[in-house]
Ligand SMILES: [Zn+2]
């Protein structure tokens, strides 16, 4: 059995993570939230650790990803920001197309990459 966990989606808000976790569990996919306790305890620290990550066992990641397509990402605060690769995932500011580093907070897509 492969016990390694992979992150299938990251969230800014615990409520969003809970919705997705409930969906996956209703479909029999085991899943876990990482960092959620930290995020709730300290919003700034939550930013530092990369929000809440919903993780599933590696062998269920593909199914989980399919199921999560039913739920649009970041429903709450980015509707007017056109979630794409040029929006800072840390503060939500629009980023210059020529740069992958946020001018507002210094966050970069490199920082947001999956942990090794
Ligand atoms: Zn930013």
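The values are calculated or read from the model by the stated rules, or taken from the named source; none is laboratory data. Computed from a predicted structure; not experimentally measured. Counting neighbours? That spans all protein chains shown, and the Cβs are built from the backbone with ideal geometry, glycine included.
All conditions but one from (1) in the same structural domain as residue 107 (by TED's automatic domain parsing); (2) at negative phi; (3) at pLDDT 70 or above apply to residue 55; the one that does not is (1).
Residue-by-condition table, conditions (1) within 25 Å of residue 69 (Cβ to Cβ); (2) modelled with pLDDT under 85; (3) in contact with a strand residue (DSSP E or B) (Cβ under 6 Å, 6 or more places away or on another chain):
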residue	(1), (2), (3)
2	yes, yes, no
8	yes, no, yes
13	yes, yes, no
16	yes, no, no
27	yes, no, no
31	yes, no, yes
